[in-house]
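Accompanying notes for the structure given below.
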Amino acid sequence: MQQTAFCYRCGSNHPIEEMRQILTKSGKRLRCIISIEAAKVGKDVREAYGRLETESNKATSKFNKSFKQT
Ligand SMILES: [Zn+2]
């Protein structure tokens, strides 16, 4: 029988070899690598989107300035 462990992130059990012990505010918890990877990807996407947003805001205000001058 496959050994499983409870994943606090998913709220379900995963095979123990897919689990990583991580330190949270409330102590050591077991979390699956799937949710860790998913969180990492999500963070990267958010950061990339944030940069894009900042750039487009800059471009917009630049455009608005030059538009007002003319
Ligand atoms: Zn999980």
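We did not get these values from a lab; they are worked out from the coordinates using the rules stated. For clarity, every value in this text was computed on a predicted model and none was experimentally measured. Because the Cβ atoms are built from the backbone with ideal geometry, glycine has one as well, and the counts that use them run over all protein chains shown.
With runs of 4+ DSSP H residues as the only contributors, calculate the mean residue ellipticity of the chain at 222 nm using -39,500 (n - 2.57) per run, divided by the residue total and rounded to the nearest 500. Spell out each step's value before the answer.
On the way: 1 runs with 37 residues, N = 70.
Rounded to the nearest 500, it is -19500 deg cm²/dmol.
Looking at the P(r) of the chain, how many percent of alpha-carbon pairs lie beyond 17 Å? Mind dumping the intermediate values first?
Working: 1478 of 2415 pairs.
Every Cα pair in the chain considered, those over 17 Å come to 61 percent.
Using amide H atoms built in the peptide plane, which far-off residues or other-chain residues are under 5 Å from Ala5 H to H?
So Ala5 has HN proximity to His14, Ile16.
Using +1 on the beta carbon of Lys and Arg, -1 on that of Asp and Glu, and nothing else charged, what's the dipole of the stretch 4-61 about the Cα centre, debye to 20? Walk me through the numbers before you get to the answer.
Working: 11 positive and 7 negative charges, 64 e Å.
Here the stretch 4-61 has a charge dipole of around 300 debye.
Quick check: the angle from helix 33-69's long axis to the longest principal axis of the chain, C-alpha only, nearest 10 degrees?
Once rounded, one gets 10 degrees.
Can you find, among Ala48, Cys10, Gln21, the residue farthest towards the positive end of the dipole of the stretch 4-61? Put +1 on the C-beta of Lys and Arg, -1 on that of Asp and Glu.
Gln21
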